[in-house]
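Trainee: Please find one structure pasted underneath; my questions will follow.
Since every read-out is calculated from the coordinates, none of them should be taken as a lab result. Being a predicted model, the structure only gives us computed values, none of them experimental. Backbone-built Cβ (ideal geometry, glycine too); neighbour counts: all protein chains shown.
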Amino acid sequence: MMKILECTTLAMLLLCLTVLPSIAETSTNVCVVDRTDDFITVVDKIGRTVTVNLPVEHIIATDYRQMDILLALGAGDMIVGVDKTFHDRMPYFGLSDVPEVSVHSQEVNYEYVLMLNPDLVIVPTSQGASAEEISSKLLGVPVLVLSMSHTDVVPITEMLGEVLDKEDEADRLIGWMNSYNNIVEERTKDLDPQENPTYFYGSVTSWRAYKLDAADGCGGTDIAADLPSNSDVSSEWILSVDPDYIFLDDMRSDISGYRFTEDDVKNNLDTLIGEREGFSDLSATKNNHVYLLHRDWVSQPRWIAGHVCIAKWLHPDLFEDLSPAEIQMEYFREFHGIEPEGTWAYPIP
C-alpha cells in the first residue's frame, strides 16, 4: 500500500508538507491526511479538506483533461459521467456510451449528475471558487478540485491511487514518467545557462505568453519568464527580444492532435506564421525554429512527451535516441492498450 502522507494541523487546513518524486518539485497542497477502511480524507489543490467514503465505485469528471490519469489508473469502469469535450477531443479512449454531464467544466447538469449517483465528482481549478457550491447542489457528494498541470501530476496520481484503491497502478505510472524526466534532467544539468538558447512559449491564436512550464529544465531561457501568466504582448515586443525558438501551444486542439496528419499540421502552422503580424521578421522564423505543440503534451501524464520534445528541439544532439512521438505511443500502449493516430507536435524531432 502506498504510504499515506502525514499533514500537520495547519497543513490540513492550508498546506501539505510532503516529499515528492523528482518530477514534482513545485509546492502543492494535494495529499492524503487520514484513511480508514470506511473513508479517506484528502486536501485538494486549493486547500480544501474533503472526506470521501470508501470504496469509490462511481466517478464523474467535469473536465476532459482529468480523464487521462483516471483511465491510465484503470478506473474506466468507475466513470459514470464525463465532459462533452472528452467525447469530442479524445474519442480514442472510448467510453462513447458514458453520459455527458458538463461542457468543459463550465456548464454542469446537476440534476443529471445526481441521477448517476456518483461517489466522487472531480472539477478543475477553474471551478475551485465554486467547489463548495457545487457540492451543496449535489447534496453533499464529495467534490475534489484537481489541477492537471504537469507540476501536480505526481501528487494527484498518488492521491487518486489511494482514493480509488489503485496504488500499484499509480506507482507504475509515476515511475514511467520519472524515468524520462530523469533522462532530461541528467543530460541538461551541465549546460551553461548563459549559453542556452532563448525561447517564447505562447498561444497559437495570439501573441500571448503562457506559463506552462513543461519547458523548464529543457536547456532554454524563457524570454517571458518575468511576465505575469497569460500576458498579451505585442509583435513589437516579440521583435525586440527576438527569441531563438518559438513554441506555440494548441490548447483547443484546433490545428493538431488526433487524426491530424503531419501535412495537415504543417499547413496549419505555415498559415499561422503567414497570417500573424511580426512572424516573418523573427530569427526563429528565418531559422525554421517555430514549433507547434498540442496542449495534451504539456499537461497530464503525457506532459513528459512534450518535455522531451522541447528538450530535443533545443538540443537535438543530446536526445538523438529519444522519440517524443514514440514516448506518447508507449504511454498509450502500456497504460491504455490503444494506438491512436495523429500529430501532436510539428516538426516532430
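Trainee: So for Leu191, Leu164, Leu318, fewest C-beta neighbours within 10 Å to most, what's the order? The partial results should precede the final answer.
Mentor: Values: Leu191 15, Leu164 23, Leu318 18.
Exposure proxy ranking, most exposed first: Leu191, Leu318, Leu164.
Trainee: Using 1/(1 + (r/R0)^6) with R0 = 41 angstrom and r between the beta carbons of Asp216 and Val103, what's the FRET efficiency to the nearest 0.05?
Mentor: 0.80
Trainee: What residue among Ile60, Ile304, Ile46 shows peak mean-square fluctuation when the chain is described by a Gaussian network model with Cα springs under 10 Å?
Mentor: Greatest mean-square fluctuation among the candidates belongs to Ile46.
Trainee: Within the stretch 133-149, list the residues whose amide N lies under 15 Å from a label point set 7 Å along Cα→Cβ of Asn53.
Mentor: Taking a point 7 Å out along Cα→Cβ of Asn53, the residues of the stretch 133-149 whose backbone N falls under 15 Å are 138-143.
Trainee: Please give the helix 324-336 orientation as an angle from the longest Cα principal axis of the chain, in degrees from 0 to 90, rounded to the nearest 10.
Mentor: 20
Trainee: Under 5 Å between amide H atoms, partner at least 5 residues away or on a different chain: which partners does Val33 have, H built in plane at 1.01 Å?
Mentor: Result for Val33 returns Thr41, Val42, Val43.
Trainee: Quickly estimate the mean residue ellipticity at 222 nm for the chain, helices only: each DSSP H run with n ≥ 4 gives -39500 (n - 2.57), and the total goes over all residues, rounded to 500.
Mentor: Working: 12 runs with 113 residues, N = 349.
Computed ellipticity for the chain at 222 nm equals -9500 deg cm²/dmol.
Trainee: Asp321 to Tyr112: extension gain in nm, 0.36 nm per residue of separation minus the Cα-Cα distance? If you can, show how the numbers build up before the last one.
Mentor: On the way: separation 209, 0.36 × 209 = 75.24 nm, distance 4.90 nm.
Value of the extension gain: 70.3 nm.
Trainee: Turning to a different aspect of this structure: Using a 10 Å cut-off around each Cβ, can you sort Glu107, Glu195 from fewest to most neighbouring Cβ atoms?
Mentor: Numbers: Glu107 11, Glu195 8.
If I rank by nearby Cβ atoms, fewest first, I get Glu195, Glu107.
Trainee: Oh, and also: If I take the Cα coordinates of the chain and project them onto the principal axes, what are the three extents in Å, biggest first?
Mentor: Ordered largest first, the chain gives principal extents of 61, 40, 37 Å.
Trainee: Also: Go from 0 up to the bin containing the longest alpha carbon distance in the stretch 192-346, width 10 Å each, and give me the % of pairs per bin.
Mentor: 11, 42, 36, 10, 1
Trainee: Beyond 27 Å between alpha-carbons counts as too far, so tell me which of Lys211/Lys266; Lys286/Lys312; Lys166/Lys189; Lys45/Lys211; Lys189/Lys266; Lys45/Lys189 fall in that bin.
Mentor: Numbers: Lys211/Lys266 25 Å; Lys286/Lys312 19 Å; Lys166/Lys189 34 Å; Lys45/Lys211 18 Å; Lys189/Lys266 32 Å; Lys45/Lys189 30 Å.
Listed pairs above 27 Å: Lys166/Lys189; Lys189/Lys266; Lys45/Lys189.
Trainee: Just the ratio, please: alpha-carbon radius of gyration of the stretch 121-186 over 2.2 N^0.38 Å, N its number of residues. Intermediate values should be presented prior to the final figure.
Mentor: Working: Rg = 14.9 Å, N = 66, 2.2 N^0.38 = 10.8 Å.
Taking N as the residue count of the stretch 121-186, the ratio is 1.38.
Trainee: Nearest 10 degrees is fine. How inclined is helix 262-275 to the longest principal axis of the chain, computing both from alpha carbons?
Mentor: The angle comes out near 70 degrees.
Trainee: In sequence order, what are the phi-derived ³J(HN,Hα) couplings for the stretch 85-97 according to the Karplus relation 6.51 cos²θ - 1.76 cosθ + 1.60 with θ = phi - 60°, rounded to whole Hz, with x for glycine and proline?
Mentor: 5, 4, 5, 6, 9, 10, x, 5, 7, x, 6, 5, 8
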